[in-house]
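The structure under discussion appears below in the form of structure tokens.
The values are calculated or read from the model by the stated rules, or taken from the named source; none is laboratory data. Quantities reported herein were computed from a predicted structural model and do not represent experimental measurements. Quick reminder, even Gly has a Cβ in these numbers, built from the backbone with ideal geometry, and neighbours come from all protein chains shown.
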Amino acid sequence: MKYIKRAIEDDILNDLSTKSKVILIYGIRRVGKTQLIKHIIQQTSMEYLLLNGENIEHTDLLKTRSTANYKRLLGKKKLLIIDEAQAIPEIGIKLKLMIDTIPDLKILATGSSSFDLNNQVGEPLVGRGYPELIHLDERNEKIEYLKDQINSYLLKDIIAFEGVKKRDKIVSLLKIIAFRVGSEISLEGIGRELQISKNTVDKYLDLLSKLFVIHKVSGFSRNLDNEITKKSKWFFMDNGIRNAIISNFNNFELRDDIGKLWENYFISERIKYQSYHRMQVNNYFWRHKNQQEIDWVEETESGLSAFEIKWNPDAKVRIPKQWEKAYSTARFIVLNRDNFLDFITDI
């Protein structure tokens, strides 16, 4: 199988050789974390110990939480690599002990379904997307792969989370978000539809965000009297997963949601681009009470940039008057199929 180099690979190698003590790569199953680790190993000159958290013998090696045990285990090795680290009990505490007490140690760990590991270890380098799809030739194989990704991996990771018992509610929530991609979402409204509380809806959405299934975008405002910020929009990190959830794999010419797909595609890829390039940016949408709106707003140290996302390159777009009046110095960019690559790739 051909290996697809990830944008974060060089960053990981650089961080291992310089400042970072712990690097956590996490994301849902089958996005290529293990393959990435194998390629990192091939390119590093550091002596390493490789463990797998789903191997009970490896887990037992870390069971005794003491500096003496970990020094004995590592010997002269200065790089510890742990795949599927979320399966090891108290892994965050154990990694912290190693880093605090073993000089010059570097740790590289991957995680799939642990949602607390990041808070215990530090900022992750996130991998998203499903590289196996590119190796499948037949359309039906790709469809079955995406369906299997949801049923065999995604939902299992969700159910494994403590307190999540209603699988049907999660599935229904995902369908609602999928059909309303790019639209403002009311937690109270969804709660009424699903017959669950607003707090439960919020908890499930937060869980799905930590699993890299969906991404929240809030409303931008510097004038609370006229600009709407109470509701948020949610986008899928992968269009294929979104399509699988609603069982719609029709070609473009047969779809009535091409605008939603296009907007979701650009936003998900732009978020990944920002992450890989470690951009310091706040992302929003904007809507005025008179119904004027902008699809995507980026706030950086250099100012504001507003993006209108259009599938049709010939679509006529004007800057909303209220936006232009309030933020006259902001850049305004119309994105379409002719120029979008400038904002999601370095090609």
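The sole residue among I41, I12, I37 that is within 25 Å of the chain's Cα centre (by Cα), surrounded by 12 or more Cβ atoms within 10 Å (Cβ to Cβ) and closer than 30 Å to N151 by Cβ is I37.
Residues in segment 211-237 that are surrounded by 17 or more Cβ atoms within 10 Å (Cβ to Cβ) and at pLDDT below 85: L211, F212, E227, I228.
Can you tell me which residue is surrounded by the most Cβ atoms within 10 Å (Cβ to Cβ) among those in segment 251-276 that are assigned to a loop (DSSP other than H, G, I, E, B) and touching a helix residue (DSSP H, G or I) at 6+ places or on another chain (Cβ under 9 Å)?
Step one: list which residues in segment 251-276 are assigned to a loop (DSSP other than H, G, I, E, B), which gives 251, 255-257.
Add one more test, that the residue is touching a helix residue (DSSP H, G or I) at 6+ places or on another chain (Cβ under 9 Å), and what stays is 255, 257.
Working: R255: 14, D257: 18.
Applying the filter and picking the extreme gives D257.
Can you tell me which residue within segment 64-86, out of those that are touching a residue at least 12 places away in the same chain (Cβ under 8 Å) and of a type in the set (D, E, K, R), is surrounded by the fewest Cβ atoms within 10 Å (Cβ to Cβ)? Taking the candidates together, the pick is K76. Output yes when any residue across segment 218-228 is part of a loop (DSSP other than H, G, I, E, B) and in contact with a Ser or Thr (Cβ under 7 Å, 6 or more places away or on another chain), and no when none is. Yes, the conditions are met somewhere in segment 218-228.
Conditions tested, residue by residue: (1) outside any strand (DSSP E or B); (2) under 22 Å from the mean Cα position of the chain (by Cα); (3) buried (at least 17 other Cβ atoms within 10 Å of the Cβ).
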{"site": "R278", "(1), (2), (3)": "yes, yes, no"}
{"site": "N283", "(1), (2), (3)": "no, yes, yes"}
{"site": "R287", "(1), (2), (3)": "no, no, yes"}
{"site": "Q291", "(1), (2), (3)": "yes, no, no"}
{"site": "E298", "(1), (2), (3)": "no, yes, yes"}
{"site": "L304", "(1), (2), (3)": "no, no, yes"}
{"site": "D314", "(1), (2), (3)": "yes, no, no"}
{"site": "T329", "(1), (2), (3)": "yes, no, no"}
{"site": "I333", "(1), (2), (3)": "no, no, no"}
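Can you spot a residue in segment 152-171 that is assigned by TED's automatic domain parsing to the domain that holds K272, closer than 25 Å to R270 by Cα and at pLDDT 75 or above? For segment 152-171, residues assigned by TED's automatic domain parsing to the domain that holds K272, closer than 25 Å to R270 by Cα and at pLDDT 75 or above: absent.
The residue of segment 19-40 that is modelled with the highest pLDDT, among those that are part of a loop (DSSP other than H, G, I, E, B) and of a type in the set (A, V, I, L, M, F, W, C), is V31.
Residues of segment 173-192 being touching a residue at least 60 places away in the same chain (Cβ under 8 Å), over 23 Å from V297 (Cα atoms) and loosely packed, with under 15 Cβ neighbours inside 10 Å, which ones? Break it down stepwise before answering.
At the first step, the residues of segment 173-192 found to be touching a residue at least 60 places away in the same chain (Cβ under 8 Å) are 174-175, 178-179, 181-182, 184.
Going one step further and asking which of them are over 23 Å from V297 (Cα atoms), we end up with 174-175.
Within segment 173-192, K175 is the sole residue that qualifies.
Looking only at segment 62-112, residues that are closer than 27 Å to V31 by Cα, in contact with a strand residue (DSSP E or B) (Cβ under 7 Å, 6 or more places away or on another chain), part of a helix (DSSP H, G or I) and of a type outside the set (G, A, S) come to 2 in all. Number of residues in segment 259-280 that are under 23 Å from E184 (Cβ atoms), modelled with pLDDT under 95 and of a type in the set (A, V, I, L, M) equals 1. Scanning segment 84-109 for residues being within 17 Å of M46 (Cβ to Cβ) and either under 23 Å from the mean Cα position of the chain (by Cα) or β-branched (V, I, T) (or both) gives a total of 5.
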